[in-house]
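The values are calculated or read from the model by the stated rules, or taken from the named source; none is laboratory data. Model, not experiment: these values are computed from the prediction. Ideal geometry is used to build each Cβ from the backbone, glycine not excepted, and the neighbour counts take in all protein chains shown.
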Amino acid sequence: MTGSVRPLVAGNWKMNGLAAQLAEAQAVRDALGESSVAAEVMICPPATLLAQTAWAVKGSSILLGGQDCHTEAAGAYTGDVSAEMLADAGARAVIVGHSERRAVHGELDRQVRAKAEAAHRAGLTAIVCVGETAGERSAGLTEDVVRRQLAGSLPDAAMAANTVVAYEPVWAIGTGLTPTAADVARVHAAIRQALIARFAGEGAGMRILYGGSVKPTNARELLAIENVNGALVGGASLKASDFLGIVAAYGN
């Protein structure tokens, strides 16, 4: 973990959760109300639950985030949600450029960058995702891919206060596979170097999260790695007990 940078543990519920799932958010709220955690904790529910989740965790320290946003503030974009709408519903951040958006929806770096700029326009923190596929990893292109995605996806005006980078090796998401600690350390160091080279002091202060099959059993090891400033958690964030087990890696 990097110096004075406060870590962030964010749970990405993806396209999961009906109203009954709010009980899990409330369980996280209740548990955190009884303990002091060194990390910020965020839940990113589907857009349909964002406002309800805001009410469910009201009065707690839990932050809320969206999972994607449109580049425009408003307009004739049926089915889309703007960053301003997310903020109005209670979000403080939004995930952009997740590998599932890049792969399934064909999003390019320039589109991710525009969404990050939209997040900033709305006063939200942009959690910008980068990561390599299994094929790119096998070809030894991991760091090249990540640097390219960073260069194309991060706005020039990005700052530590409004931008978080999440490194998620695509081949590790939801597979149960994780890179070695040495692999994670190497990639996060490369990301930090790229951020400092472009943003100087702001780059030194930007949080870099690790994501990809993070669970209670491996969280402590992963989150102790240098330049790992938290986690972006997928499946394990759907159950309060699992999510809290990851948060607990930061202790009191």
Residues of the stretch 5-22 satisfying the condition of being of a type in the set (Gly, Ala, Ser), touching a residue at least 40 places away in the same chain (Cβ under 8 Å) and either more than 20 Å from Tyr167 (Cβ to Cβ) or surrounded by fewer than 16 Cβ atoms within 10 Å (Cβ to Cβ) (or both): Gly17
Quick check on the stretch 188-201. Is at least one of its residues assigned to a loop (DSSP other than H, G, I, E, B), in contact with a strand residue (DSSP E or B) (Cβ under 8 Å, 6 or more places away or on another chain) and among the hydrophobic types (A, V, I, L, M, F, W, C)? no
State yes or no: is Glu221 within 17 Å of Val247 (Cα to Cα) and either touching a helix residue (DSSP H, G or I) at 6+ places or on another chain (Cβ under 8 Å) or among the acidic types (Asp, Glu) (or both)? yes
If Ser60 passes every condition in (1) touching a residue at least 60 places away in the same chain (Cβ under 8 Å); (2) in contact with a helix residue (DSSP H, G or I) (Cβ under 6 Å, 6 or more places away or on another chain); (3) over 15 Å from Val164 (Cβ atoms) but one, which one does it miss? (1)
What is the residue count in the stretch 86-115 for residues that are under 19 Å from Ala47 (Cα atoms) and touching a residue at least 60 places away in the same chain (Cβ under 8 Å)? 5
Determine whether the stretch 179-195 contains at least one residue that is hydroxyl-bearing (Ser, Thr, Tyr) and touching a residue at least 24 places away in the same chain (Cβ under 8 Å). no
The stretch 27-72, subset surrounded by fewer than 18 Cβ atoms within 10 Å (Cβ to Cβ) and hydroxyl-bearing (Ser, Thr, Tyr), residue farthest from Arg113 (Cα to Cα): Ser35
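For (1) surrounded by 23 or more Cβ atoms within 10 Å (Cβ to Cβ); (2) β-branched (Val, Ile, Thr), each residue gets a yes or a no:
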{"site": "Tyr167", "(1), (2)": "yes, no"}
{"site": "Thr178", "(1), (2)": "no, yes"}
{"site": "Tyr210", "(1), (2)": "yes, no"}
{"site": "Asn227", "(1), (2)": "no, no"}
{"site": "Gly235", "(1), (2)": "no, no"}
Considering only the stretch 126-136, how many residues are crowded, with 23+ Cβ neighbours inside 10 Å and either free of Cβ contacts under 8 Å to residues at least 60 places away in the same chain or touching a helix residue (DSSP H, G or I) at 6+ places or on another chain (Cβ under 7 Å) (or both)? 6
Criterion: part of a loop (DSSP other than H, G, I, E, B) and modelled with pLDDT of 95 or more - qualifying residue of Ala119, Ala158, Ala151: Ala158
So, of the residues in the stretch 212-225 that are among the small types (Gly, Ala, Ser) and part of a loop (DSSP other than H, G, I, E, B), which turns out to be surrounded by the fewest Cβ atoms within 10 Å (Cβ to Cβ)? Ala224
Number of positions in the stretch 161-187 that are outside any helix (DSSP H, G or I), of a type in the set (A, V, I, L, M) and farther than 22 Å from Val96 by Cα: 1
Across the stretch 75-108, which residue is farthest from Ser153 (Cα to Cα) among those that are acidic (Asp, Glu) and surrounded by 18 or more Cβ atoms within 10 Å (Cβ to Cβ)? Glu84
